[in-house]
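The values are calculated or read from the model by the stated rules, or taken from the named source; none is laboratory data. Predicted, not measured: the structure shown is a model, and the values here were computed from it. A quick note on method: Cβ atoms are made from the backbone with ideal geometry, for glycine too, and the neighbour counts reach across all protein chains shown.
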Amino acid sequence: MPERGEVWQVDFGTVAKVRPALVISVPYADADRALIGVIPHTTSTRGSQFEVVVGAGFLGEGAFLAQGIQAFPPKYFMRRLGVLTPAQLQSVEDALLRWLGVTKPKEQSS
């Protein structure tokens, strides 16, 4: 089962084809719909603030596109490519939150 922070080859359908995608959602429970949230990796970059370039040996050139978030059932996950570091995952999460307009609370200094 794909886990948060992993990058998988995902079948996005006939138009978008098979491409790498970052698992961004938490695992679903029995009462939940069997869907896994992903952010696709694209090679068609535009320099957008919502594109996150991640240096990983298992990824080619391109960026994760926070604006492209989607959910798929497990059957569309073809194979695991690798795992992002916590810092890399955080940078994609930050772009997603920025796109959604969600601000993180500021940490209080002691």
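A few points about this structure:
- Meets criteria (modelled with pLDDT under 95 and of a type in the set (S, T, N, Q)) for Q108: yes
- Just one residue in the set A71, A56 is aliphatic (A, V, I, L, M) and closer than 14 Å to F12 by Cβ; that residue is A71.
- Taking the stretch 2-83 as the region of interest, the strands (runs of 3 or more DSSP E) fully inside it that hold 1 or more residues being in contact (Cβ under 8 Å) with a residue 60 or more places away in the chain, touching a strand residue (DSSP E or B) at 6+ places or on another chain (Cβ under 8 Å) and not hydrophobic (A, V, I, L, M, F, W, C) are 6-11, 18-23, 77-83.
- Meets criteria (in a helix (DSSP H, G or I), touching a helix residue (DSSP H, G or I) at 6+ places or on another chain (Cβ under 6 Å) and either within 14 Å of S25 (Cβ to Cβ) or of a type in the set (K, R) (or both)) for L89: no
- Residues of the stretch 37-66 that are of a type outside the set (A, V, I, L, M) and surrounded by 15 or more Cβ atoms within 10 Å (Cβ to Cβ): G37, P40, H41, T42, F50, E51, G62, F64.
- Any hit, the stretch 69-78, residues being of a type in the set (S, T, N, Q), over 14 Å from the mean Cα position of the chain (by Cα) and closer than 26 Å to G101 by Cβ: no
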